[in-house]
Amino acid sequence: MPELRSANETIYYEKRGLAGGPPLLLLHSLGLSSVMWADQMAWFSPRYTCLAPDCRGHGRSSHREPITRDAIVDDIEALLDHEACD
């Protein structure tokens, strides 16, 4: 169960696929979670490194600070930095 710390939050994410493959970032809509991408991750994982985070306040990620668009963008940027995706 991969997690990372972003600001004061714990961000859960799914990671599957080809090690060293091109990254494919899958973002869910409001009120959902990374679970919505399970079928797509299975399909794309032979060719890509698939990352599907639970945005703060969704799924298995924490919700200690306000949920804002900028905060979610910061979390996603932290995930991409953590996974060294260019």
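Brief remarks follow.
- Where labels lie 7 Å past Cα in the beta-carbon direction, separation of residue 32 and residue 3 in nm: 2.5 nm
- The residues of the chain have, on average, 60 Å² of accessible surface per residue, using a 1.4 Å probe with all protein chains present.
- Each residue of the range 22-29 is assigned a 3J(HN,Hα), and the resulting list reads x, x, 10, 9, 10, 10, 7, 8 Hz, derived from the Karplus form 6.51 cos²θ - 1.76 cosθ + 1.60 (θ = phi - 60°), x at Gly and Pro.
- Residues of the range 1-25 with amide N under 13 Å of a point placed 7 Å along Cα→Cβ from residue 82: 1-15
- Solvent-accessible surface of protein heavy atoms, probed at 1.4 angstrom with all chains present, puts 79, 24, 18 in the order 18, 24, 79, largest first.
- Protection-proxy order for peptides 47-56, 60-69, each taking the mean of Cβ atoms within 10 Å per residue, highest first: 47-56, 60-69
- Relative counts (whole %) of C-alpha pair distances in the range 1-46, using bins that are 5 Å wide: 5, 18, 25, 26, 17, 7, 1
- Between residue 70 and residue 18, the modelled label-to-label distance comes to 3.8 nm, taking each label 7 Å out from Cα in the direction of the beta carbon.
- Taking Cβ atoms as reference points and 15 Å as the exclusive limit, the residues near residue 14 contribute a net charge of -2, counting Lys and Arg as +1 and Asp and Glu as -1.
- Value of [θ]222 nm, deg cm²/dmol, for the chain, DSSP H segments ≥ 4, -39500 (n - 2.57) each, nearest 500: -7500 deg cm²/dmol
- P(r) tail for the chain: Cα pairs beyond 18 Å make up 37% of the total.
The values are calculated or read from the model by the stated rules, or taken from the named source; none is laboratory data. Quick caveat, the model's predicted, so the values are computed rather than measured. Ideal geometry is used to build each Cβ from the backbone, glycine not excepted, and the neighbour counts take in all protein chains shown. With ligands, DNA and RNA removed, areas are computed over all heavy atoms of the protein, side chains included. Shrake-Rupley method; radii C 1.70, N 1.55, O 1.52, S 1.80 Å.
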